[in-house]
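Read the structure below first, then the notes.
Each reported figure results from applying straightforward, stated rules to the coordinates on display, with no laboratory input. Bear in mind that the values here come from a model prediction, so they are computed numbers and not experimental data. When we count neighbours, we look across all protein chains shown, and the Cβ atoms used for this are built from the backbone with ideal geometry, even at glycine.
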Amino acid sequence: MTGRTGIGWRMTPLHHTANCWTTTWMNDRIQYAGMAYLTKAMLIPDTPPMWIRDLTPMKGGKASGHKSHQTGLDVDMRLPLLPPKTNAWDKLAGHNYTKLFHFEAALAQVEAIKSKMDTRFIFFNDPRFIKKRLSTQEPNHGNHYHIRIKPPARIEGSYL
């Protein structure tokens, strides 16, 4: 997915190039979530796209810098930032989290992800999202979303 863009989403320029492959299942779900997010984002000022970061190595297996991301069912997404950093790649940390984090855009993104991606889980450590049951806390997930989708059901030798 290197260099790709879609409706409501864009691949970040700063991703692990070796980890930018995925399944058609994930690709389709990113497309659906991007469209749902764009619909929600129309009512929110200064919304950035959903920024796709790391996916899976081309042939699966161990993804550098990740415990998972091996089968095409995982994706990391960068958090949305407020202007003037909307398209910048600034790492959110304790000292700049509240002044840079675009909460309304993030809420719209996670709601779109939950409604369109058939998620198994979303790791993101913001307590407001956890309280709303939109995400689950997991170490090292305070500055991005980690999404794992459910694989499609296998019926009579094919996947639906």
Item to check | Cα-based Lys pair tally, the range 5-159, threshold under 22 Å, eight or more apart or on separate chains | outcome: 21
Item to check | Value in Å of the Kirkwood radius, where the range 5-159 supplies the Cα pairs that are averaged | outcome: 15.7 Å
Checklist entry - Which order do peptides 21-30, 125-134 fall in by mean Cβ count within 10 Å, highest first? => result 21-30, 125-134
Item to check | P(r) tail fraction, the range 80-159 - alpha-carbon pairs more than 14 Å apart, % | outcome: 66 percent
Checklist entry - Among bridges DSSP assigns within the range 5-159, what percent are antiparallel (round to 5)? => result 80 percent
Checklist entry - Ratio of the range 106-146's C-alpha Rg to 2.2 N^0.38 Å, to two decimals? => result 1.02
Next on the checklist: Below 12 angstrom from the Cβ of residue 38, what's the summed charge of the other residues (Lys, Arg +1; Asp, Glu -1)?
Outcome noted: +3
